[in-house]
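The values are calculated or read from the model by the stated rules, or taken from the named source; none is laboratory data. Here the structure is a predicted model, which is why all the values come from computation and not from measurement. Neighbour counts are summed over all protein chains in view; Cβ atoms, including those assigned to glycine, are modelled from backbone coordinates with ideal geometry.
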Amino acid sequence: GSLTESGEVEDSAALDMDDDEAPRVSLPLTKIIAVEIDSFLDGFLLGISASLGNRSTSQVMAMAISIEMAFVGVAYGGSFAQVELHRSLPALIAAPLTIFVGSIVGYFASTCLQRNPLLHIGLLSFGSSALLYLVCEDLLIEAHQNGEMKVREVLHSIKRGLTLEESVKKISDAVEEEDRWYEDVWF
C-alpha cells in the first residue's frame with residue numbers, strides 16, 4: 001500500500017472493496033517506527049547499565065523501563081484497536097523483542113568498548129544523554145503544550161530530580177559508613 005499524509009499505510013485492496021465489505025483500517029506506520037526506535041534505545045540503555053556490573057543500577061533501569069513501556073504499550077496497543085489481529089500482531093510482538101535485541105546490542109557494545117577507554121566513555125556519554133533526553137522529553141513537551149515556554153518550571157523539575165539523587169547518595173554513603181563502623185566495633 002501507499003503512505004497517507006498521517007503516516008499510515010493505505011491498503012490498496014481496501015479501496016477496491018464493494019460497499020457491503022468492511023474497509024480495512026490502515027496500520028499506524030509512524031507509531032510503529034517511533035515505538036520501535038524507543039524500544040531499541042530503552043533496551044540499549046538497559047544493556048549498557050547491565051554491562052557495568054552494578055546490579056542495583058540495572059534493576060532500577062529495568063523497573064523504570066518497565067513502567068515507561070507499560071504506558072507506551074497501552075497507548076500503542078490502543079492504536080491497533082480497529083486493525084485486524086493478524087495484521088497488527090507482528091507489530092505488537094516486535095516492540096518487546098526490540099527491547100531484548102537492543103539490550104543485547106548495548107551489552108556487547110559496552111563490553112567490547114571497555115578495552116578502549118575513550119570509545120567506552122563516548123558510549124556511556126551517549127547513554128547518559130539519551131537517558132536525560134528520554135526523562136526530560138515529557139517535561140519539555142508539557143511546557144510547550146500550554147502555549148508558553150515554561151523553562152523555569154522545567155529546570156526546577158530537573159533540579160529537584162538531581163537534588164533527590166544527591167540526597168539518596170548522601171544517605172547511602174552514611175549507611176555504608178555506619179556499617180563499616182559496626183564491623184570495626186563488633187568484629
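Just a few scattered comments:
- Long-range neighbours under 6 Å by Cβ, at least six apart or interchain, first residue more than 11 Å from Leu41 (Cβ to Cβ) within region 118-142, second at pLDDT below 75 and among the small types (Gly, Ala, Ser): Leu139/Ser157
- Qualifying residue in region 79-92 (condition: within 21 Å of the chain's Cα centre (by Cα) and surrounded by fewer than 12 Cβ atoms within 10 Å (Cβ to Cβ)): yes
- Complete set of residues in region 93-117 that are in contact (Cβ under 8 Å) with a residue 24 or more places away in the chain, β-branched (Val, Ile, Thr) and within 24 Å of Val35 (Cβ to Cβ): Thr98, Ile99, Val101, Ile104, Val105
- Set Gly122, Gly78: member being small (Gly, Ala, Ser) and either farther than 20 Å from Ile37 by Cβ or in contact with a strand residue (DSSP E or B) (Cβ under 6 Å, 6 or more places away or on another chain) (or both): Gly122
- Total residues in region 85-128 satisfying the condition of being among the polar types (S, T, N, Q), more than 22 Å from Gln59 (Cβ to Cβ) and part of a helix (DSSP H, G or I): the figure is 2.
- Filter pass, Val74 being assigned to a helix (DSSP H, G or I), modelled with pLDDT under 90 and of a type in the set (A, V, I, L, M, F, W, C): yes
- Looking only at region 36-72, residues that are over 22 Å from Ala109 (Cβ atoms) and buried (at least 16 other Cβ atoms within 10 Å of the Cβ) come to 1 in all.
- Any chance Ser167 is over 18 Å from the mean Cα position of the chain (by Cα), modelled with pLDDT of 70 or more, part of a helix (DSSP H, G or I) and of a type in the set (Ser, Thr, Tyr): no
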